[in-house]
Amino acid sequence: MTEHGALNFEGKATLDIAMQNQYAELNTNILKNDVITKEELLEVAPYLFKFSILKNTAAILGYVCGLFLKEKLKRSKIKYNHLLIEGESSSGKSSAVKYIITPILCMENGILNAA
């Protein structure tokens with residue numbers, strides 16, 4: 001749900017429901033973007049998996065893409081954990097957020113982080 005609208009349980013945009021700005025934790029313009037096609041995904045996929053070591057990239061992509069199933073999982077009483085990215089200094093944590101998570105979620109106004 002964003003201040004622009006929401007996705008229903010079928011993944012379709014419903015613009016008659018919106019979140020008030022003061023309650024937003026994540027600003028996104030995802031409802032204003034077109035869905036990526038299979039052909040476009042095939043074009044960018046090799047670059048996504050060459051971004052970092054495979055196990056890290058696969059875990060992050062799996063988690064972020066799973067966010068779009070969160071409502072269906074909730075209806076089946078399946079909990080969806082938080083994402084925790086850990087690693088040494090300069091291990092690519094911020095880059096993963098900047099170049100993988102932020103674009104997939106169409107995030108605006110910077111990123112969320114925790115120490």
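Structure values in brief
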item	result
Environment charge of VAL44, counting only residues whose C-beta is closer than 13 Å and scoring Lys/Arg +1, Asp/Glu -1	-1
Semi-axes of the equivalent ellipsoid for region 41-100, Cα gyration tensor, largest first, Å	24, 16, 8
When each of LYS12/LYS38; LYS32/LYS79; LYS38/LYS79; LYS50/LYS79; LYS12/LYS72 is checked by Cα-Cα distance, pairs over 22 Å	LYS32/LYS79; LYS38/LYS79; LYS50/LYS79
Mean Cβ count within 10 Å, highest first, over the residues of peptides 43-51, 89-97	89-97, 43-51
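We did not get these values from a lab; they are worked out from the coordinates using the rules stated. Remember, predicted model here, so these are calculated numbers, not experimental data. All Cβ positions, even for glycine, are placed from backbone atoms using ideal geometry, and neighbour counts span all protein chains on display.
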